[in-house]
Amino acid sequence: MTGQAIIDNRYGAILLIAAAAVFTADVSVLRFVSPEVPFAQIIFYRSLCQLVIVTIWIAATRPEWYFSPRWPRLVLRGLTSLVCWWLYYASFQMLDLALASVLTFTTSLFVVALAPFVFGERIGLSRGLSAVLGFVGVVIASEVTGVQVAPGVLYGLGSAFAAALLIFQNRALARSEHTATIMFWIGLVASLGTFPMAAGGLTQIGCNDFLLLITAGTLATLGMLLTVEAYRFGEVSALASFPYLRILFALVVGTFVFAEVASWREVLGAIIVVACGMYAGSRERPALR
């Protein structure tokens, strides 16, 4: 475990802004990957990049971080991450960057909804209403006009739900495991879990697609490390709004790179989701402490 870091909210904010840009670049790079590349390979290379980077990190610092007596919990954490990544990247492949980014921020709303069942917390009327209103924002942003919901939206919501489960798992693991240990086991489990499905086409992938997949996987790992480091130096309350810059970055990239035009419903829904997510997050902070 590491010692207490000096609080530096400005430095933490800079790291989170960089993380938001890096995560947007990650999903943007994947849009240039050939459609013939199996989706399992996208997840495999994402996992493999994290595994390699964190393995080198641990080897250069504290080799004992590879191991933990709580490995069954780490395996479960890795499996949850695998499901989360699969749904996350599927949503970004099927939806506009802005809408897919909005859906990722419903994680805070799922945390509020699940807290009474996982930790026995009383969510209160205001928190409950914020969660309900947040999902109304998702409906508006998704431009649902009937009983049918686009598969990409379901994938995005599924990814956010899995991410909420990851938050609860992190609360338990962070008490005893170093960040490097958790990230190593995530990469290991996810790589092994996707290898059987990805192995068949690994030798057939083109050089251009290979470089794109490695670049995206490296960016995703870097974004995760920047986020962890940001909250090591900055206070959660002071940094609460900065992750939402991903929506702004997604709107800019979607407009100028992929010629996507956000509708007024997407913009309105995004505003509602962001507001409710920030409120839910602020109400969660005492419990996190």
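The values are calculated or read from the model by the stated rules, or taken from the named source; none is laboratory data. This is a predicted model, so every value here is computed, not measured. Heads up, the Cβs are rebuilt from the backbone with ideal geometry, glycines too, and the neighbour counts pull from every protein chain shown. The area values use the complete protein model at the heavy-atom level, side chains included, leaving out ligands, DNA and RNA. Shrake-Rupley method; radii C 1.70, N 1.55, O 1.52, S 1.80 Å.
In the set SER81, SER91, SER68, SER101, which member is modelled with pLDDT of 85 or more and not in a helix (DSSP H, G or I)?
On the way: SER81 fails: not in a helix (DSSP H, G or I); SER91 fails: not in a helix (DSSP H, G or I); SER101 fails: not in a helix (DSSP H, G or I).
Checking each option against the conditions leaves just SER68.
Quick one: in the stretch 1-23, of everything that is under 21 Å from the mean Cα position of the chain (by Cα), β-branched (Val, Ile, Thr) and modelled with pLDDT under 95, which residue is least open to solvent (accessible area, probe 1.4 Å)?
That would be ILE17.
Looking only at the stretch 50-65, how many residues end up being among the polar types (S, T, N, Q) and assigned to a helix (DSSP H, G or I)? Steps first, answer last, please.
Filtering the stretch 50-65 for residues among the polar types (S, T, N, Q) gives 50, 55, 61.
Next cut, assigned to a helix (DSSP H, G or I) only: 50, 55.
Going through the stretch 50-65 one residue at a time, the tally reaches 2.
Testing ASP26 on (1) open to solvent by 60 Å² or more (accessible area, probe 1.4 Å); (2) in contact (Cβ under 8 Å) with a residue 60 or more places away in the chain, one condition comes back false. Which one is that?
It fails just one condition, (1).
Tally the residues that are hydroxyl-bearing (Ser, Thr, Tyr), assigned to a helix (DSSP H, G or I) and either modelled with pLDDT under 90 or on the phi > 0 side of the Ramachandran plot (or both), restricting the search to the stretch 142-172.
1
So how many residues does the stretch 71-88 have that are open to solvent by less than 10 Å² (accessible area, probe 1.4 Å) and more than 13 Å from SER191 (Cα to Cα)?
Looking only at that region, the number is 1.
Of the conditions (1) within 20 Å of LEU225 (Cβ to Cβ); (2) modelled with pLDDT under 95; (3) assigned to a helix (DSSP H, G or I), GLN41 fails just one. Which one is it?
Going through (1) within 20 Å of LEU225 (Cβ to Cβ); (2) modelled with pLDDT under 95; (3) assigned to a helix (DSSP H, G or I) one by one, GLN41 breaks only (1).
What pairs come up if the first residue lies in the stretch 154-167 and is closer than 10 Å to VAL83 by Cβ, the second is basic (Lys, Arg) and surrounded by 22 or more Cβ atoms within 10 Å (Cβ to Cβ), and their beta carbons are under 6 Å apart, counting only those six or more places apart or on different chains?
none
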